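Report on the structure given below.
The values are calculated or read from the model by the stated rules, or taken from the named source; none is laboratory data. On a predicted model such as this, the values are computed, not experimentally measured, just so you know. Methodologically, a virtual Cβ is constructed for each residue, glycine included, from the backbone with ideal geometry; neighbour enumeration extends over all protein chains shown. Accessible surface areas use protein heavy atoms only, side chains included; no ligands, DNA or RNA. Shrake-Rupley method; radii C 1.70, N 1.55, O 1.52, S 1.80 Å.
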Amino acid sequence: MEKQVVNEFTVEGRNAVIEAFRSGKPIDKIYILDGCQDGPVMTIKREAKKHDTLIKYVTKERLDQMSETGKHQGVIAYAAAYEYAQVEDILLNAKEKGEDPFIFLLDNIEDPHNLGAIIRTANLAGAHGVIIPKNRAVGLTATVARTSAGALNYTPVAKVTNLSQTIEELKKQGLWFVCADMGGETMYRLNLKGPIGLVIGNEGEGVSRLVKEKCDFTAAIPMKGDIDSLNASVAAGVLAYEIVRQRLS
């Protein structure tokens, strides 16, 4: 049989990938053999565009390395471990709890362990949801699900095409935004109450310039050690709990 699912989250083979799309399974990324233009592959590309799925074109050698079945037929897809929410679902979550919205926005987090840990922190800090970008970032993989320690069952995660644009739209809903940045104001001096979005940047480069420009404040975490930065998930936790402290006071 052509259809073979390596695990719950990886799909190999053309028919298997087409069926995954048509069954409604959320597909994060598709890797397609560069230059391949035949009928089934064109069908997969159409489905990917329809579902706003990221397509990456790679060499046969790369696909062979990624493949666990040896029967990829030029196509490997990564399905999300969990269904993505909509940004509206996150706002509704806050409304149903009668609370000011508290949202984590993650600018290109690439490490699945960091993403899982941040979703776990978001849940424990009482955030109403997490927003991640579609491109250049990890999605809801099996590793993310495991690292979140069950938080993905309770904390909605939305995936958006443009984080800057999403921030603009949420500002119209009354939210304001603070991003983590070493050059910002010390977090203890900032008023972090009310409807708030906490923006955490990429592990290496921090928050991108375009996203940072949309933020109302930048918050720096005081550091006394000999190294210059915290892990992204730890930084998210430190800032989130300063927001929690201020919301409780």
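Structure notes:
- Test: residue in the stretch 194-211 that is out of contact with any Cys (no Cβ under 7 Å at 6 or more places or on another chain), aliphatic (A, V, I, L, M), free of Cβ contacts under 8 Å to residues at least 40 places away in the same chain and over 23 Å from PRO112 (Cα atoms): no
- Taken over the stretch 17-50, residues that are open to solvent by less than 40 Å² (accessible area, probe 1.4 Å) and without any contact (Cβ under 8 Å) to a residue 24 or more places away in the chain amount to 1.
- Considering the conditions (1) farther than 25 Å from LYS97 by Cβ; (2) polar (S, T, N, Q); (3) surrounded by 14 or more Cβ atoms within 10 Å (Cβ to Cβ); (4) modelled with pLDDT of 95 or more, GLN246 is excluded by exactly one of them, (1).
- LEU105 vs. criteria in a helix (DSSP H, G or I), touching a helix residue (DSSP H, G or I) at 6+ places or on another chain (Cβ under 7 Å), at pLDDT 90 or above and of a type outside the set (Lys, Arg): no
- Residues (surrounded by fewer than 19 Cβ atoms within 10 Å (Cβ to Cβ) and outside any strand (DSSP E or B)) located in the stretch 166-189: GLU168, GLU169, LYS171, LYS172, GLN173, GLY174, TYR188, ARG189
- Put simply, of ILE118, ILE131 the only residue that is β-branched (Val, Ile, Thr), over 19 Å from GLU96 (Cβ atoms) and either modelled with pLDDT of 95 or more or open to solvent by 10 Å² or more (accessible area, probe 1.4 Å) (or both) is ILE118.
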